Amino acid sequence: MSCRIQIAQLNLLVGDVAGNGLRVIGAAAEAHAAGADLVVFPELALTGYPPEDLLLRPELMERVESALDRIRRETAATAPGVALVLGYPRAAVGGLYNVAGVIRDGAVVAEYAKQELPNYSVFDEKRYFQPGAAAAVFAHCGLRFGLSVCEDIWQEGPSAQAAAAGAQVLININASPFHAGKAAERETLLSRRAAEHGFPILYANLIGGQDELVFDGGSIVVDRKGRVVARAAHFEEAALLVDLDDTGAPLAPPLGEVDQGTEGEAAIYQALVLGVRDYARKSGFSGAVLGLSGGVDSALTLAIAVDALGAGQVEAVLMPSRYTADMSNEDALEQVRRQGVRTHVIPIEPAFNAFLGMLGPVFAGQAPDVTEENIQARCRGIILMALSNKQGRILLTTGNKSEMSVGYATLYGDMAGGFAPIKDVPKTLVYRLASYRNGQDPVIPERVLTRAPSAELRPDQTDQDSLPPYEILDPILRLYIEEDQGIDAIVAEGFDESVVRRVTRLVDRNEYKRRQAPPGVRISRRAFGRDRRYPITSGF
């Protein structure tokens, strides 16, 4: 006798409880057709993850109960005998709980409340949920399955409880967000947990973009020795099937290490594409528009947008000024030709002159400075926002993490927009990702990758007129922002103290800009936005 399990790795929409419920019902029917005895869904599948303050609305729980009633009723008819392990919030004595429930033949036969509630990084679960306290084990197709939810697997207690309660197999349902290197971390952890307790682990993860977060899927099954025996694709929906024998041992042979395609630049690029696609489509936008300067940041953003939405849904706008080099226009036009996107060329000189004329009497006697540079950026922002408004396309900004960290960006200018695909991508990584994308298909002209970066807002300008070289700047930013290192510790790593003090001062004083920036895809351990929350006014 064997037990067939299907892990339903779904892309769900936060707040669409009825729609998510229909996806669950459909996946259960598909699992039944595939001969599965049990189908496992991600954490909080009914509400989507993270539902945030929707959990504070009583109407949400009414919708959850209605969806659960429909799931119980319809799966009893369309998937008889199949058990569903499903994530949803449950209101009970003591508060609200993050639950993994087991539904079989129209009845809830077991419920487990998540015990370890993460309250760090992007997580705020203690704001909404109360922790559970007890293991839950249920019997199905001759085996005893233990339940756990996401963070439970990262801590020792819940797994040990499940083992002590007699679980032969542990099911762990997840909404585990992506950051670079996360897939390997998960597999290492699951291998250790399985070997510690001597049971296989079925790990079901969410897929899809939700605001800044990207959930990368990669659901896996490890045997009791901790070897990976089945793995779903990353960054796409999947139905992962695995058969267990009458002891709970997977019948499939062990696989190898994490696929190379799911790590490094390949994984980051796929995360950026998925994040843009889901943010635009789930927010109801028909396509995207962006400014294309001939530089590497906008070139990478255009490539991501086209891969996410299709060339027919993306518009690129060239907005040359008196300082724009001919090669910038040439490279931008060459990229749009290669990618086949609709293009507009709208020089900003008339608008710039108009503003200079309007402000001339006020500016009389004062030398040109960054003010005139910012006026140019804001002329471009007005043009792009007008196109976004008129055509119902989301405006994608093109600023990278290095620039956003030190404030090398213009409020209401190049920062104006609805979504920022590369806001968590340091400049040095921008170049690597552009080279990676060109390795698939050379859509970005080579000169874009080799010329010195420039904002082109004054004669002969380069980024390094205002900033340290990115090879120095990015490591300092990583230590200060992502690792919370102080100035002395960063200097001890071999960096010049005056440079470190200047960079960290720029980071601190530009928090007010970042607070007004659009959301963007999180790909690091510590992104601006929901991940890193600092006061704007501070004496630290």
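A few comments on the model shown:
- Rg over Rh for the range 143-212 works out to 1.00, using Cα positions for both radii and the Kirkwood form for Rh.
- For the chain, alpha-carbon Rg over 2.2 N^0.38 Å: 1.07
- Along each principal axis, Cα extent of the range 80-140, largest first, Å: 40, 25, 18
- Considering only alpha-carbon pairs that sit under 8 angstrom and 6 or more positions apart, the relative contact order computed for the chain is 11 percent.
- Listed cross-link partners Lys114/Lys513; Lys126/Lys225; Lys390/Lys427; Lys427/Lys513 are compared with a 28 Å cut-off, the Cα-Cα value being larger for Lys114/Lys513; Lys126/Lys225; Lys390/Lys427.
- Cα coordinate range in the range 355-477, projected on the principal axes (Å, largest first): 52, 38, 26
- Cross-link partners for Lys282 among the aspartates and glutamates, with Cα-Cα distance under 12 Å and sequence neighbours closer than 8 places in the same chain left out: Asp16, Asp211.
- With contacts taken as Cα pairs under 8 Å and at least 6 residues apart, the range 1-150 reaches a relative contact order of 21 percent.
- Unpaired cysteine residues in the chain (no second Cys Cβ under 4.7 Å): Cys150, Cys379.
- For the pair Glu483 and Ser538, a Förster radius of 25 Å applied to the C-beta separation gives a FRET efficiency near 0.80, rounded to the nearest 0.05.
- Segments 267-273, 391-397 sorted - mean Cβ within 10 Å per residue, highest first: 267-273, 391-397
- Taking every full run of DSSP H in the chain, the ones that stretch at least 15 Å from end to end by Cα along their long axis and average 0.5 or higher on the Kyte-Doolittle scale are 17-33, 296-309, 349-363.
- With each label modelled as a point 7 angstrom along the Cα→C-beta vector, the Ala165-Glu265 pair spans 4.7 nm.
- Protein accessible area in the range 144-256, 1.4 Å probe - carbon and sulfur %: 52 percent
- For the chain: accessible area per residue (Å², 1.4 Å): 40 Å²
- On the basis of the beta-carbon distance and an R0 of 45 Å, Lys225 and Ala92 show a calculated FRET efficiency of 0.75.
- Packing around the peptides 340-346, 294-300, taken as the average count of other Cβ atoms within 10 Å per residue, puts them in this order, highest first: 294-300, 340-346.
- Ala133/Leu356 FRET efficiency (R0 56 Å; Cβ-Cβ; nearest 0.05): 0.25
- Peptides 55-66, 215-226 ranked from most to least packed give 215-226, 55-66, packing being the mean of other C-beta atoms within 10 angstrom over each peptide's residues.
The values are calculated or read from the model by the stated rules, or taken from the named source; none is laboratory data. Predicted, not measured: the structure shown is a model, and the values here were computed from it. In this analysis, Cβ positions are derived from the backbone assuming ideal geometry, glycine residues included, and neighbour counts consider all displayed protein chains. Protein only, heavy atoms only, side chains kept; ligands, DNA and RNA dropped before computing areas. Shrake-Rupley method; radii C 1.70, N 1.55, O 1.52, S 1.80 Å.
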